[in-house]
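What follows is a single structure, written as structure tokens, with notes after it.
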Amino acid sequence: MTAELDFITIAEAARLIAARKLSPVELTKAKLARIAAFDSQLNAFITLTADLALQQAQAAEAEIGAGRYRGTMHGIPFGLKDLTPLPASSRRDIQKCASTMFRAKTRR
């Protein structure tokens, strides 16, 4: 099913996750594989948090499996645009941001 997941819509993925026909972990791994295949050409990601994405997918899968489905985006992986400043608690060693608007807030 991995190749089929390359172009799946969020609505279709959400429907399959809610019906427990698609695993959030499987979807996340497929999207991470797609990023690995093309990001060297596209340079779309400044910071890729693959481990965190997989942890969150596993947590979502456990919650959904326990009957605690929270809605359409539950279990759907997403990329956060680099123009979004992160709260201090979620920052890694380096807060990266491409916009000069946040330059003063960028830590190195």
| note | Picking from Ala33, Ala44, Ala53, the residue that is touching a helix residue (DSSP H, G or I) at 6+ places or on another chain (Cβ under 8 Å), under 22 Å from Lys81 (Cβ atoms), without any contact (Cβ under 8 Å) to a residue 40 or more places away in the chain and surrounded by 19 or more Cβ atoms within 10 Å (Cβ to Cβ) would be Ala53
| request: Considering each residue of the stretch 8-50, count those that are modelled with pLDDT of 95 or more, assigned to a loop (DSSP other than H, G, I, E, B) and farther than 19 Å from Ala62 by Cα, and give that number. | output: 2
| said: Just to be sure before I move on: is Thr72 in a loop (DSSP other than H, G, I, E, B), surrounded by 12 or more Cβ atoms within 10 Å (Cβ to Cβ) and of a type in the set (S, T, N, Q) in the structure I sent? | reply: yes
| task | Looking at (1) surrounded by 11 or more Cβ atoms within 10 Å (Cβ to Cβ); (2) in a loop (DSSP other than H, G, I, E, B); (3) at pLDDT below 95, find the lone condition where Phe78 falls short. | result | (1)
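The values are calculated or read from the model by the stated rules, or taken from the named source; none is laboratory data. Just so it is clear, the structure is predicted and the values come from calculations on it, not from any experiment. Virtual Cβ from ideal backbone geometry, glycine too; neighbours counted across all protein chains shown.
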